[in-house]
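Presented below is the structure to which this report refers.
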Amino acid sequence: MGLDARALDIRESLRPWYEAGLQLVFRSAFPAANTVEQGGHPSVAPDAQTEWSRPEPRVRERSAAPSVHHGPRNVSHETSATRSQAPVRPQKLTRKEIAAQTEQPAPQPSPQMTGPQFPWDEFITRLRVPCRTVWTYWELGTDFGSAPSAPRRGLFANIIKHLGWPGGSITFWPLSAEHQGILLPHVGHFWRGVREAQAETVFCFGRQAFDVLFPGEPHNFGIREKGGVSIYILPGPAEMLDGDMQAKRTAWAALKSYHFAD
């Protein structure tokens, strides 16, 4: 057997471990946890116990006397560290389980995700084309249905009568529609109707209708521009039907100030 020069520079207390194949011992990078020499024997400082100085029960149960091999040094020694580094193999699935996972149908959108359809084909028959102005309010989606409000219809009929505008200059078009008894906004279909009518001006009555056309913006009476169309922001029919005289005066003054372009 050849002489290993490294065996000459080793303490006798560690020689049995060296002969068993142990050549490297982990030392902590923190100074307080490093081993110190006490009477020529390695020990660990009491306030710096490390994991390798407190082996798990399965390590302690192993034989304390290592077997000494006098044969060639090419014998591999398996340790708990090398076993713990072995990759964990994923659990195998059967062909039936794989098919069940891959063939599951995609979830279909619920009615709440897609939203109800706007009754375009029904409503479009009431749109005057071409028309210079479009009038709208939140409750118009209900009044275009089977049970319109007689007080609201009477209010607007009275306003149009006293305005005396040329025939064919006013058309109503909703920005809402009923679904299961609930009014829902349909701003996209509203603007489509405005384009169909070729209108140059929109009269928007009420706060709820304003919020549909200008979501998140402060509500103020006046004139705004959007998409090349002038929009008059006016009080709603509910305020005027409740006898709010200021609301009536504001709406009437705005309507009377409108002039048709030549």
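How much length is gained if the chain between Ile124 and Arg224 is pulled fully straight, taking 0.36 nm per residue apart and subtracting their Cα-Cα distance, in nm to one decimal?
The Ile124-Arg224 span can extend by a further 33.4 nm.
Starting from the eigenvalues of the Cα gyration tensor, five times each then square-rooted, give me the equivalent ellipsoid semi-axes of segment 183-255, largest first, whole Å.
22, 14, 12
Taking the Cα centre of segment 129-200 as origin, work out the dipole magnitude from +1 charges on Lys and Arg Cβ and -1 charges on Asp and Glu Cβ, in debye rounded to 20.
Rounded to the nearest 20 debye, it is 160 debye.
For segment 129-246, evaluate the Debye formula with one uniform point scatterer on each Cα (no solvent term) and list log10 I(q)/I(0) at q = 0.09, 0.18, 0.20 Å⁻¹, rounded to two decimals.
After summing over all Cα pairs, the log10 values are -0.23, -0.99, -1.25.
Work out from phi, with θ = phi - 60° and the Karplus expression 6.51 cos²θ - 1.76 cosθ + 1.60, the ³J(HN,Hα) of each residue of segment 213-219, listed in order in whole Hz, and give x for Gly and Pro.
So the J values, rounded to whole Hz, are 7, 10, x, x, 9, x, 8.
Taking H as built 1.01 Å from N, whose amide H comes closer than 5 Å to the amide H of Phe203, not counting residues under 5 places away?
Long-range HN contacts for Phe203: Val134, Trp135, Thr136, Tyr232.
Would you please give the residues with an amide H less than 5 Å from that of His179, counting only those at least 5 places away or on a separate chain, with H modeled from the backbone geometry?
Answer set, sorted by chain and number: Leu184.
Read-outs: derived from the displayed coordinates by stated rules, not from any lab. If you're wondering where the values come from, they're calculated on a predicted model, not measured in any experiment. Using ideal geometry, Cβ is built from the backbone for each residue, glycine included, and neighbour counts are taken over all protein chains shown.
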